[in-house]
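Asker: Just dropping this structure here.
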Amino acid sequence: MTHSDDLDRHVPLAPHSFQILLSLLDRELHGYSIIKDIETRTGGEMVLGTSTAYAAIKRMVESGFLEEASSDSDEQSGGPQRKVYRITEWGRDVARAEGLRITRLERMVAEKGLLDPSGVPATGKVAP
């Protein structure tokens, strides 16, 4: 099995899984920070519950997309240690494959004139 075959088995990604990978592309974060980053970056379009986020993170660690970076205590609050996650090279490969898939879909949408250039549904082009 080639590397490409392995990638094909993992895409398309669930939207929340792709968003988790995007959150970790340029930094290490703990689970709650991932949740907040996704909410902020998507303008509130995607708000993950903690159980959804942590279950996805667990699956992504098991799949090798993510790994624990370190456990730091929250010194300001005296709170419990938090698991910090980072994306692996395999996770970056999967994120790239999903990004490419989405880019191809965007091209198809544009070619069919489904949306006008501003992203608003095009009028006058109704499917039969």
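Asker: Only one of (1) outside any helix (DSSP H, G or I); (2) within 21 Å of residue 27 (Cα to Cα); (3) at pLDDT 95 or above fails for residue 45. Which number is that?
Answerer: Of (1) outside any helix (DSSP H, G or I); (2) within 21 Å of residue 27 (Cα to Cα); (3) at pLDDT 95 or above, only one is false for residue 45: (2).
Asker: Same structure, new question: Of the residues in the range 48-82, how many are modelled with pLDDT under 95 and touching a strand residue (DSSP E or B) at 6+ places or on another chain (Cβ under 8 Å)?
Answerer: Of the residues in that region, 10 qualify.
Asker: A further question on this structure: Restricting to the range 79-98, name every residue that is without any contact (Cβ under 8 Å) to a residue 12 or more places away in the chain and surrounded by 11 or more Cβ atoms within 10 Å (Cβ to Cβ).
Answerer: Filtering the range 79-98 for residues without any contact (Cβ under 8 Å) to a residue 12 or more places away in the chain gives 79-81, 89, 96.
Within the range 79-98, 81, 96 meet the criteria.
Asker: What residue, of 39, 106, is part of a helix (DSSP H, G or I), open to solvent by 30 Å² or more (accessible area, probe 1.4 Å) and modelled with pLDDT under 95?
Answerer: Among 39, 106, only 106 is part of a helix (DSSP H, G or I), open to solvent by 30 Å² or more (accessible area, probe 1.4 Å) and modelled with pLDDT under 95.
Asker: Pull up the range 6-34, narrow it to residues that are among the small types (Gly, Ala, Ser) and either in contact with a Cys (Cβ under 7 Å, 6 or more places away or on another chain) or outside any loop (DSSP other than H, G, I, E, B) (or both), then point me to the one that is surrounded by the most Cβ atoms within 10 Å (Cβ to Cβ).
Answerer: Taking the candidates together, the pick is 17.
Asker: Could you check how many residues of the range 28-58 are out of contact with any Ser or Thr (no Cβ under 7 Å at 6 or more places or on another chain) and touching a residue at least 24 places away in the same chain (Cβ under 8 Å)?
Answerer: Total satisfying the criteria: 9.
The values are calculated or read from the model by the stated rules, or taken from the named source; none is laboratory data. Just so it is clear, the structure is predicted and the values come from calculations on it, not from any experiment. Positions of Cβ are backbone-derived with ideal geometry, glycine not excepted, and every protein chain shown enters the neighbour counts. Surface accessibility is based on the protein's heavy atoms, side chains included, excluding ligands, DNA and RNA. Shrake-Rupley method; radii C 1.70, N 1.55, O 1.52, S 1.80 Å.
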